[in-house]
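A quick write-up on the structure given underneath.
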Amino acid sequence: MKLLTADMKLAEIVHSNYLLIPVLNRFGIRLGFGEKTVRTVCRERRINLEFFLAIVNAFSNEDFFPEARLRTVNVLTIVDYLRTTHAYYIHAQIPRIERLLRSLARSKSRRTKGVVLAQRFFQEYKRELLAHLKREEDVTFPYVEQVYRLHRSRRSRGSKDLLARYSMQAYEEEHDNVDEKLDDLKNILIKYVSSGPDDDTLNTVIFELFRLERDIIDHTRIEDTILRPIVAEMEQAIQRTAR
Amino acid sequence: MSASSRILLVTPNRLVGIGLKKLLLEYFSPLDVSIVADLGDVPELRSFDVAFLPSDSYAFYRDRFAAISTTPVILTEGAGVSESREVPLTVNVTGTESEIVEQVQRGLSAHRPGRGHGKAEHLSAREVGVLRLVARGYLNKQIADKLSISLHTVISHRKNITRKLGIKTVSGLTIYALLNGLVSSKDVG
């Protein structure tokens, strides 16, 4: 996969991988950017250029993950990005998959049993995923923001309380893997469910599941390899000041 | 999940090694690929399934291949080298990408005649029995008691079921069991 760079046109980036369109949206970039380059658009929208490039490249290329570069990015920027990806799952991807499954179940083909079961299974997965996202929004992200502020202030007041309540260690332990169910669902739909005449809807469900899975893998990678280590370092620095 | 084939690339030309490795991984994954400059550096040649190597290297080390099952594939420059009568497997490194891919494929398939591929892996009767109980909500320990087998055996059956079906979670396995009539929906509750 070609490396995406600052002086490429944004349109070129989309041509190289159309799955990046929703990722651009997460940065507040909407289609209709004409001939503008990445650099220009990032400047206009006050997007951190390095962060943008790291995210789009890592998204397009599984082997490319510029940890060193990403670690210099402000954690608030990272948390912001992670929040917008959550919103995308909750408000766009999950409802779309639900709609598709509903419409499959409605179609009067002979073998809808599998579809009904798959629908139920997806609901189970959705509950797990939403609980996972909610925990991050309610606990992890606010904690990260507090650690960031405390670290920046170079004061130690309140640090004991903050660090006693939660930690990146605790995050690591609770950050369980929710993609096993998603993988199973894909497998069941691919191997054991027959859609009857409505091939296209079933295909679309499967495409969407693959897309969601890939997005979540990318998301988790950012959390585990970038966010967690940066915040853990801040925690240590705060503890040193407190002593 | 079957163990991937182990491939050895012998070439003093680092760029050829990198290129061939990329090509192998791109077209034939999963594979475990190692690169060395000289076959003399490889103590355990027998642990590899296929070795790609230059003809002079093969000529020099031919005896080492005689006693083992490792398949040698000769890297040649240009088609039709004198060696080709005895060793039919060659890859012409000056060929087009498609030619190279086809020759590499021939080399790889000479060693693994469809091992684990194409053959449907069906669940054994015992595995079906374990799967039924999993779908009905039994825990491993309870399954062991019910079938009078050890917990260890239950776990190994479950691993095999997951490997064969590609389904890891209990909910997923339950759906499989329902769809295939192994349990009825009132069993699962």
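Return only the number of the condition from (1) within 13 Å of chain A (Cβ to nearest Cβ); (2) buried (at least 17 other Cβ atoms within 10 Å of the Cβ); (3) touching a Leu at 6+ places or on another chain (Cβ under 8 Å) that B:LEU133 does not satisfy.
It is condition (1) that B:LEU133 fails.
So B:THR169 clears everything in (1) in contact with an Asp or Glu (Cβ under 8 Å, 6 or more places away or on another chain); (2) at pLDDT 95 or above except one condition, right? Which one?
In the conditions (1) in contact with an Asp or Glu (Cβ under 8 Å, 6 or more places away or on another chain); (2) at pLDDT 95 or above, B:THR169 misses (2) alone.
Within the stretch A:198-243, track down each residue that is among the acidic types (Asp, Glu), over 20 Å from A:VAL23 (Cα atoms) and modelled with pLDDT of 90 or more. Please lay out each step first, then the result.
Quick first cut of the stretch A:198-243, residues among the acidic types (Asp, Glu) only: A:198-200, A:208, A:213, A:215, A:218, A:223-224, A:233, A:235.
Adding the requirement that they be over 20 Å from A:VAL23 (Cα atoms) leaves A:198-200, A:233, A:235.
Scanning the stretch A:198-243 gives A:GLU233, A:GLU235.
Quick one: which helices (runs of 4 or more DSSP H) sit completely within the stretch B:141-189 and have at least 2 residues that are in the same structural domain as B:ARG126 (by TED's automatic domain parsing), touching a Cys at 6+ places or on another chain (Cβ under 9 Å) and open to solvent by 30 Å² or more (accessible area, probe 1.4 Å)? Before you say what the answer is, go through the steps one by one.
Working: elements: B:151-165, B:170-179, B:185-188.
Here the list is empty.
Given the condition outside any helix (DSSP H, G or I) and under 23 Å from A:VAL73 (Cβ atoms), answer yes or no: does some residue in the stretch A:156-170 qualify? Outline the logic, then answer.
Residues of the stretch A:156-170 that are outside any helix (DSSP H, G or I), as a first pass: A:156-158, A:166-167.
The next check asks that each one be under 23 Å from A:VAL73 (Cβ atoms); those that pass are A:166-167.
Yes, because at least one residue in the stretch A:156-170 is outside any helix (DSSP H, G or I) and under 23 Å from A:VAL73 (Cβ atoms).
If I filter the stretch A:184-205 for residues that are more than 14 Å from every other protein chain (Cβ to nearest Cβ), open to solvent by 40 Å² or more (accessible area, probe 1.4 Å) and in contact with a Lys or Arg (Cβ under 8 Å, 6 or more places away or on another chain), do I get at least one hit?
Within the stretch A:184-205, none of the residues are more than 14 Å from every other protein chain (Cβ to nearest Cβ), open to solvent by 40 Å² or more (accessible area, probe 1.4 Å) and in contact with a Lys or Arg (Cβ under 8 Å, 6 or more places away or on another chain).
Does A:LYS108 satisfy the criteria of being open to solvent by 50 Å² or more (accessible area, probe 1.4 Å), modelled with pLDDT under 90 and within 14 Å of chain B (Cβ to nearest Cβ)? Outline the logic, then answer.
Details: open to solvent by 50 Å² or more (accessible area, probe 1.4 Å): yes; modelled with pLDDT under 90: yes; within 14 Å of chain B (Cβ to nearest Cβ): no.
Spelling it out, it is not the case that A:LYS108 is open to solvent by 50 Å² or more (accessible area, probe 1.4 Å), modelled with pLDDT under 90 and within 14 Å of chain B (Cβ to nearest Cβ).
Looking only at the stretch A:209-243, which residues are of a type in the set (Val, Ile, Thr) and closer than 25 Å to A:ALA164 by Cα? Even if it seems obvious, please write down each step before you answer.
Residues of the stretch A:209-243 of a type in the set (Val, Ile, Thr): A:216-217, A:220, A:222, A:225-226, A:230-231, A:238, A:241.
Selection gives A:THR220, A:ILE222, A:THR225, A:ILE226, A:ILE230, A:VAL231, A:ILE238, A:THR241.
Kindly check whether there is at least one residue in the stretch B:52-63 that is at pLDDT 85 or above, open to solvent by 80 Å² or more (accessible area, probe 1.4 Å) and in contact with a helix residue (DSSP H, G or I) (Cβ under 9 Å, 6 or more places away or on another chain). Talk me through it step by step, then tell me what you get.
Start the filter on the stretch B:52-63 by keeping residues that are at pLDDT 85 or above, which leaves B:52-63.
With the extra rule that they be open to solvent by 80 Å² or more (accessible area, probe 1.4 Å), the set shrinks to B:56, B:60, B:63.
Checking the rest, the ones that are also in contact with a helix residue (DSSP H, G or I) (Cβ under 9 Å, 6 or more places away or on another chain) come to B:60.
Yes - at least one qualifying residue is present in the stretch B:52-63.
Collect the residues in the stretch A:130-151 that are in contact with a Leu (Cβ under 8 Å, 6 or more places away or on another chain) and within 30 Å of B:ALA177 (Cβ to Cβ), keeping them in residue-number order. Lay out the reasoning, then the answer.
Let us first name the residues in the stretch A:130-151 that are in contact with a Leu (Cβ under 8 Å, 6 or more places away or on another chain), namely A:136, A:141, A:143-148, A:150.
Those that are in contact with a Leu (Cβ under 8 Å, 6 or more places away or on another chain) and within 30 Å of B:ALA177 (Cβ to Cβ): none in the stretch A:130-151.
Can you find a residue that is closer than 26 Å to A:LEU182 by Cβ and in contact with a His (Cβ under 6 Å, 6 or more places away or on another chain) anywhere in the stretch B:148-171?
Checking the stretch B:148-171: not a single residue is closer than 26 Å to A:LEU182 by Cβ and in contact with a His (Cβ under 6 Å, 6 or more places away or on another chain).
The values are calculated or read from the model by the stated rules, or taken from the named source; none is laboratory data. Owing to the predicted nature of the structure, the values given are computational and were not obtained by experimental measurement. For neighbour counting, all protein chains shown are included, and Cβ atoms are generated from backbone atoms with ideal geometry for every residue, glycine included. Note: areas computed on protein heavy atoms with side chains; ligands, DNA, RNA excluded. Shrake-Rupley method; radii C 1.70, N 1.55, O 1.52, S 1.80 Å.
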